[in-house]
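The values are calculated or read from the model by the stated rules, or taken from the named source; none is laboratory data. Just so we're clear, the structure is a prediction, and the values are computed from it rather than from any experiment. Cβ: placed from backbone, ideal geometry, glycine included. Neighbour counts: every protein chain shown.
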Amino acid sequence: MAKLIFFFFCLSLLLTLHLDRPLAEASNVTDIFILAGQSNMAGRGGVDRGKWNGVVPSQSAPSPSILRLSAGMRWQPAAEPLHVDIDVAKNKTCGVGPGMAFANALLPELMRCNEAASAVVVVGLVPCAVGGTRIRQWRRGKRLYGRMVRRARAAARGGGGGRRRIRGVLWYQGESDTVRREDAEGYKGNLERLVVDLRSDLGIPALPFLLVAVASGEGKFVEQVRKAQLTIDLPNVQCVDAKGLGLKADHLHLTTTSEVQLGQKLARAFLAHFGHRPSLHQLMQ
């Protein structure tokens with residue numbers, strides 16, 4: 001038994017070393033998704049008193065067909081916590097978020113769509129979320145925005161035989177904009193500007209955005225922020241409502257189960273509205 005355990009440990013190590021590789025060598029990544037926003041996107045599922053319990057639901061389990069872009073700009077096997085080296089500020093601990101459940105729910109349909117062409121599908125997740133951030137901190141010219149653009153560009157560069165595409169942005173943010181009235185009232189304009197700027201800077205005018213309407217907030221202006229999110233009127237922007245999903249005892253962060261449910265809701269929304277694989281020409285329209 002000890003020899004068998006050692007064998008599987010070595011096999012796992014070899015696979016990890018093989019997949020943790022520079023961008024230019026990760027030629028199998030085909031469908032890229034940017035994960036951005038604040039703590040409920042970064043993931044706080046299973047985190048209690050600053051410690052993550054390490055429990056990963058089956059819906060969020062690792063898959064050979066799902067990679068993540070590390071903070072060091074290398075593709076590696078994706079596993080919870082996805083944002084472990086991204087959301088690293090003091091007193092923040094990452095746990096389960098919606099990203100892995102989203103990718104796992106998406107994979108079967110992406111594979112089915114590519115079956116006729118015998119194409120290999122590998123989902124590449126690009127974690128960018130940072131807890132406790134207001135939308136003003138994601139403006140063009142700000143550090144978080146600049147890092148998101150750099151990571152997105154790096155992820156899309158090279159490899160894939162011309163099939164690599166940024167397929168969408170998953171955005172879950174707004175809880176920190178519920179504290180001050182001026183932030184809540186300005187949220188819609190700031191969000192629309194973010195969408196327009198990011199599409200422009202990535203050169204993808206029709207880039208799909210999956211926006212999550214917050215289920216909670218740090219202040220009393222939650223409904224104002226939710227209204228801004230639910231009424232955004234831009235092409236290729238779909239809003240997924242998190243209201244009703246279970247919250248932890250802090251009444252702010254989603255539970256592990258809720259993070260999984262949100263990831264699956266995001267996958268269904270993407271497939272319903274953007275599920276066909278677009279050509280480069282279509283994305284540039």
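Going residue by residue through region 51-58, is there one that turns out to be surrounded by fewer than 24 Cβ atoms within 10 Å (Cβ to Cβ), at pLDDT 95 or above, charged (D, E, K, R) and part of a strand (DSSP E or B)? Checking region 51-58: at least one residue is surrounded by fewer than 24 Cβ atoms within 10 Å (Cβ to Cβ), at pLDDT 95 or above, charged (D, E, K, R) and part of a strand (DSSP E or B).
Quick grid of which residues meet (1) of a type in the set (Lys, Arg); (2) over 22 Å from His83 (Cβ atoms):
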| position | (1), (2) |
| --- | --- |
| Met148 | no, no |
| Arg167 | yes, no |
| Gly174 | no, no |
| Asp177 | no, no |
| Asp183 | no, yes |
| Glu192 | no, yes |
| Asp197 | no, yes |
| Ser200 | no, yes |
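Counting only helices (runs of 4 or more DSSP H) that sit wholly inside region 175-264, those with at least 2 residues that are among the aliphatic types (A, V, I, L, M) are 187-202, 222-230.
For residues that are among the hydroxyl-bearing types (Ser, Thr, Tyr) and either over 18 Å from Leu247 (Cα atoms) or modelled with pLDDT under 95 (or both), tally how many sit in region 30-50.
Matching residues across region 30-50 total 1.
Yes or no, residue by residue, for (1) in a loop (DSSP other than H, G, I, E, B); (2) out of contact with any helix residue (DSSP H, G or I) (no Cβ under 7 Å at 6 or more places or on another chain); (3) among the charged types (D, E, K, R):
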{"residue": "Ala71", "(1), (2), (3)": "yes, yes, no"}
{"residue": "Leu110", "(1), (2), (3)": "no, yes, no"}
{"residue": "Val126", "(1), (2), (3)": "no, no, no"}
{"residue": "Gly141", "(1), (2), (3)": "yes, yes, no"}
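Here Leu280 meets the list (1) of a type in the set (A, V, I, L, M, F, W, C); (2) within 20 Å of the chain's Cα centre (by Cα); (3) modelled with pLDDT under 95 almost entirely, failing just condition (2).
Within the set Leu69, Leu82, Leu110, the sole residue that is closer than 21 Å to Arg165 by Cα and more than 14 Å from the chain's Cα centre (by Cα) turns out to be Leu110.
Please identify the pairs in which a residue from region 93-122 that is at pLDDT below 95 has its Cβ atom under 8 Å from the Cβ atom of a residue that is assigned to a loop (DSSP other than H, G, I, E, B) and of a type in the set (Lys, Arg), counting only partners at least 6 apart or on another chain. Listed by first residue and then by second, the contacts come to Leu110/Arg277; Cys113/Arg277; Asn114/Arg277; Ala119/Arg163. Number of residues in region 238-260 that are touching a residue at least 40 places away in the same chain (Cβ under 8 Å) and either among the acidic types (Asp, Glu) or under 16 Å from Met41 (Cβ atoms) (or both): the value is 10.
Suppose the filter is more than 20 Å from the chain's Cα centre (by Cα), at pLDDT below 95 and assigned to a helix (DSSP H, G or I); does Gly161 pass it?
The answer is yes for Gly161.
In region 78-97, the condition of being buried (at least 21 other Cβ atoms within 10 Å of the Cβ) and not in a loop (DSSP other than H, G, I, E, B) is met by at least one residue.
When Arg49 is tested against the conditions (1) more than 17 Å from the chain's Cα centre (by Cα); (2) over 21 Å from Gly131 (Cα atoms); (3) of a type in the set (Lys, Arg), the lone failure is (2). Scanning region 130-139 for residues being more than 14 Å from Thr178 (Cα to Cα) and in a loop (DSSP other than H, G, I, E, B) gives a total of 3.
Every residue in region 38-50 that is surrounded by 16 or more Cβ atoms within 10 Å (Cβ to Cβ) and not β-branched (Val, Ile, Thr), please. Once the filter is applied, which keeps residues that are surrounded by 16 or more Cβ atoms within 10 Å (Cβ to Cβ) and not β-branched (Val, Ile, Thr), region 38-50 yields Gln38, Ser39, Asn40, Met41, Ala42, Gly43, Arg44, Gly45, Gly46. Scanning region 86-107 for residues that are more than 18 Å from Ile32 (Cβ to Cβ) and of a type outside the set (A, V, I, L, M, F, W, C) yields Asp87, Lys90, Asn91, Lys92, Thr93, Gly95.
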